[in-house]
Every structure is written in structure tokens, then in C-alpha cells.
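Okay, structure first, notes after.
The values are calculated or read from the model by the stated rules, or taken from the named source; none is laboratory data. From a predicted model like this one, the values you see are computed outputs, not experimental measurements. FYI the Cβ positions are ideal-geometry reconstructions off the backbone, even for glycines, and counts take in every protein chain you see. Side chains are part of the model used for accessible areas, which takes the heavy atoms of the whole protein and leaves out ligands, DNA and RNA. Shrake-Rupley method; radii C 1.70, N 1.55, O 1.52, S 1.80 Å.
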Amino acid sequence: MMKSLIILGSTGSIGTQALEICRRDGYKVTALAAGSNIDLLEKQAREFAPLAVAVFDEQKAKELKIKLSDTDIKVLSGVDGVCEIAQGKGEIVLNAIVGIAGLRPTLKAIEAGKTIALANKETLVTGGELVNRAAKEKGVKILPVDSEHSAIFQSLQGAPEGSLKKILLTASGGPFFNKTRKDLENVTVAEALNHPNWSMGAKITIDSATLMNKGLEVIEAVHLFGLPASQIEVLVHRQSIIHSGVELSDGAVIAQLGTPDMKLPIQYALTYPERSEFAFEKLDLFKVGTLTFEKPDTDTFRCLPLCVKAINEGGLAPTAVNGANEEAVRLFLEGKIKFLQIAECVEKALCQVNNKKEFTLEDIFEADRLARECVIGN
Ligand code: NDP
Ligand code: MG
């Protein structure tokens, strides 16, 4: 029996690649959700015939309801609609929403006992403690889709409990590798969106250019694998072939290699613990030739050390850096701030966070709101 699948963020980069796998491997798609792109969502709904779809944007949901009125597909709206989708019929919830908007649906899916295939790293960055606690209580598995974390997870299969000593988190270095602060002063949105190895959504592509993405991934790794940031080493690896690895207690280093193609980690989260044939381009090491490793330039790319500082402070600090970054990236994409100001916004929000060790979901959303306000008021 093929597994059944709910895809949140189905119209995005990860969502559409997941549907490519479903199309080929015959997974039953039971529900889909998106933000506002109802043209694509309608096409997906007609092709995969889910039981229900949700659109975050209320007005767009109304329009989609009319478009799909000749079908039996239920159309839901708003954050409640997306959460209802996350709890509906289906074994695995693939969360490929971008930003903190993914947090509530993840928690709802855990509540409903779903297996979580998690691409939405902001879920763990902001709500890692709550998510881990809820998943433990419900006995729910969180399977990483982020390529580095999938690689770490794959490298740990068969490793005895307690043997993980260090995580080797690889980074492509993004489009601005080796650039100085002076070079970065006036980079354009188009230059920042021009990632050398990966084709992804706009927000994560900017995060890759600032190295914020790697900072968020350090925080994500802390929550997924239980090591402190001091035991997570970031290596710039320009070829994006080693997707990450681990060092075990006997000094053995185990890593996962592959082409830079998100379909592999998405597929592994869907087939886990099994593996199935990969129908896309496979790795040819002769073609790659050389693998290189360098230390990240944390003086130029300030977002990475700021994220490390945030996770070391703990509490609501990671939420503050995340919220400030989401807002700053939006402003940068709209041409309203410069590239280097993104890190300035993140730093300011981190300095201003009203931190606490014990916190609720509402505290997270409040810290997120304050961090965004601090950026907009800049
Ligand atoms: P995209 O921007 O391409 O897609 C985002 C998806 O989320 C879209 O379907 C969008 O809908 C939907 N969405 C946005 N806001 C909401 C909301 N409030 N409620 C419901 N759906 C919403 O992003 P990516 O696919 O690139 O990234 C998704 C997540 O996966 C991110 O957290 C990213 O960090 C992570 N990730 C992505 C990788 C990649 O290769 N792309 C690699 C590793 C991790 P609409 O189209 O209607 O706006
Ligand atoms: Mg990644």
C-alpha cells in the first residue's frame, strides 16, 4: 500500500518537487495547502484529486472555491484551514510552507499523530522545544527534509545511541562567497537570487546569500540531533556534493553524498526507513573531480554567528533572529533595504529580545511580532 500524503506549501519549490515524486511513485495525495497561488493549486487539485485544499489568503480561497465547484474537493481558508488540512486524512504531512507560518500547522499535525516530513526549518528554529515535546508525547517521528539534516539523519542510521560527537554541516557559500563587505554594499536582488548550486524559493535563496540559512540550520540541527552549537561545525563546501556528515565517538566520519537535488531528501523522508529507486540524475564523482572545504567568513556574513549566539542564549532569541530576518528579507526583495542591512536588522532584534527560558506558543508569536516591528521601525 502506498503511503498517503498531505502537502503544505504544495505550490512552492519543495512542494512541486514533492508532487513530481508523487506523480511518479503513486503516493496518494489527500490534501494540499498554499498561501495564495490558486492558479497552480487548482491545477494540482485537478491532477491529484485530494479530498481537500486550503488557501491561507481568504479572498483567494473564495475564488478557488468557485473554480473547483464542479469537483468534490473541499476548499478551506486561512490559518485555521491550513491547520485543518494538517490534521485531515493522510499518514505523512510534508510541511513545505516558508517561514514561521509553518509552525502552527506542524504542531497541529503532531497533535493528530501524523508523521512529519519537515522542510519548514523555521518550525524548529522558533518552536523547537514545543515541537520536540509534543512529538515525544505523541510518539510522532520528525523526518528532516532539509538536505543537510537529511544527510546527518542518514549518516546516523545504525549509529549507537550516544555515539554522535560532532556534526559537520556543509554550506555552499552562496553567490557571494569570497566577497568582502565593500563588495556587498550595493549588490542587487537579482545577484542575491543567483544561487550557484540550488534552485529554491526566493526567501531561502536570500538566506543562502547572507548565510542566515546556515545559521538557521545550526539551530535546526540543535533541535533535531540534540548537540549544542559548539559541536556543530560549518564547512564551506562549494560543490554541494557532501550534503553533511557526522563524527562518531571512535573518530569515524560518515557523510551522505549526492547531486544537489532536493528530490532525494524529499523522497527519503517519504520512503523512510525503506529506500526506493531514484529516477533522477545520480552522482558521478568523476564528473565532480574535486571536493573542497573552507571555513566560513563570519566577519563578512554576520547572520551565521548571530544565529549561533541566539541558540546559545536560547529561549526566544532564535525566534527574534528568525522574525527579524523574515521581515528584512521581504524588505530587501522589495528593494527597500540594502543587502548588508539584513544582518543589521537581525542583530538589532537579537539585542532587543525580551527573553525568557520558559515560554508558550503565544510568547513565540509575540516575540516574532516584536522582532518584525523592530525591523520595520528601523
Ligand atoms: P517557496 O517560497 O518556493 O514556497 C513556499 C510555499 O509555502 C508556497 O507553496 C506558498 O504558497 C506556501 N505558503 C506561504 N505562506 C503560507 C501560509 N501562510 N500558509 C500556507 N502556505 C503558505 O519556498 P521553498 O519551497 O523554497 O521552501 C519551503 C520551506 O522549505 C522553507 O522553510 C525553506 O527554508 C525549506 N527548504 C527549502 C529548500 C529548497 O530547496 N527550496 C531546501 C531546504 C529547505 P504560494 O505559492 O501560494 O505563495
Ligand atoms: Mg539546507
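Strictly greater than 25 Å: what percent of every Cα pair in region 4-145 meets that? Roughly 19 percent, rounded to a whole number.
Residues in region 351-358 carry Karplus couplings, in order, of 5, 8, 5, 8, 7, 8, 6, 9 Hz; the curve used is 6.51 cos²θ - 1.76 cosθ + 1.60 with θ = phi - 60°, and Gly or Pro positions show x. Close amide H partners of Ala49, meaning residues 5 or more places away or on another chain with modelled amide H under 5 Å apart, do not exist here. Using a cut-off of 13 Å between beta-carbons, work out the net charge of the residues near Pro105 (Lys and Arg +1, Asp and Glu -1, Pro105 not included). Net charge in that neighbourhood comes out at -1. In the full protein context, region 321-378 carries 51 Å² of accessible surface per residue, based on a 1.4 Å probe and ignoring ligands, DNA and RNA. Per-residue ellipticity at 222 nm computed for the chain from its helices equals -14500 deg cm²/dmol, with DSSP H segments shorter than 4 residues left out and the rest contributing -39,500 (n - 2.57). Solvent-accessible surface of region 149-313, averaged per residue with a 1.4 angstrom probe and all protein chains in place: 45 square angstrom. For trypsin sites (Lys or Arg not before Pro), the sites in region 274-328 that DSSP calls loop and that have at most 16 other Cβ atoms within 10 Å are Arg275, Lys282. Express the carbon and sulfur contribution to the solvent-accessible surface of region 149-313 as a percent, rounded to the nearest whole number, probe 1.4 angstrom. Ligands and nucleic acids excluded, carbon and sulfur reach 52 percent. Would you please name the GluC sites (Glu not before Pro) within region 193-302 that are DSSP coil residues with at most 14 other C-beta atoms within 10 Å of their C-beta? Taking region 193-302 and a limit of 14 other Cβ atoms within 10 Å, the loop GluC sites (Glu not before Pro) found are Glu274, Glu277, Glu281.
For region 293-338, applying the loop criterion from DSSP together with a ceiling of 14 other beta carbons within 10 Å to the chymotrypsin sites (Phe, Trp or Tyr not before Pro) yields Phe293. For region 324-341, 3J(HN,Hα) computed residue by residue from phi via the Karplus equation (6.51, -1.76, 1.60; θ = phi - 60°) reads 4, 5, 4, 5, 5, 5, 4, 5, 5, 5, 7, x, 9, 9, 8, 3, 5, 6 Hz, glycine and proline entered as x.
Accessible area of region 9-112 with a 1.4 Å probe: how many percent of it is carbon plus sulfur? It is 52 percent, rounded to a whole number.
Could you tell me what a quarter of the Cα convex hull surface of region 149-313 works out to, in nm² with one decimal place?
Numbers: hull surface 42.7 nm².
The number I arrive at for region 149-313 is 10.7 nm².
Within a straight-line Cα-Cα reach of under 19 Å, Lys138 can be paired with the following lysines, leaving aside sequence neighbours fewer than 8 residues apart in one chain: Lys89, Lys108, Lys114. Close amide H pairs (under 5 Å, H built 1.01 Å from N) link Thr115 with Val93, residues at least 5 positions away or on another chain.
Take region 1-140 with all the other protein chains still there, run a 1.4 Å probe, and you get 42 Å² of accessible area per residue.
Lys28 sits among other residues whose Cβ lies under 15 Å from its own Cβ, and their net charge, with Lys and Arg +1 and Asp and Glu -1, is +2. Scalar couplings 3J(HN,Hα) for region 96-102, obtained by applying the Karplus form with A = 6.51, B = -1.76, C = 1.60 to θ = phi - 60°, are 10, 6, 9, x, 5, 4, x Hz; x denotes Gly and Pro.
Across the chain, C-alpha contacts under 8 Å between residues 6 or more apart give a mean separation that, scaled by the residue count, equals a relative contact order of 14 percent.
Per residue, the convex hull spanned by the Cα atoms of the chain measures out at 139 cubic angstrom.
Under conditions of 25 °C and 0.890 mPa s, region 148-211 yields 176 µm² s⁻¹ as its translational diffusion coefficient, taking Rh as the Kirkwood radius over Cα pairs in the Stokes-Einstein equation. If R0 is taken as 35 Å, the Cβ-Cβ distance between Asp299 and Glu358 corresponds to a FRET efficiency of 0.50. Pairs with C-alpha atoms separated by more than 25 Å, drawn from the list Lys179/Lys203; Lys43/Lys282; Lys28/Lys67; Lys74/Lys141, are Lys43/Lys282; Lys74/Lys141.
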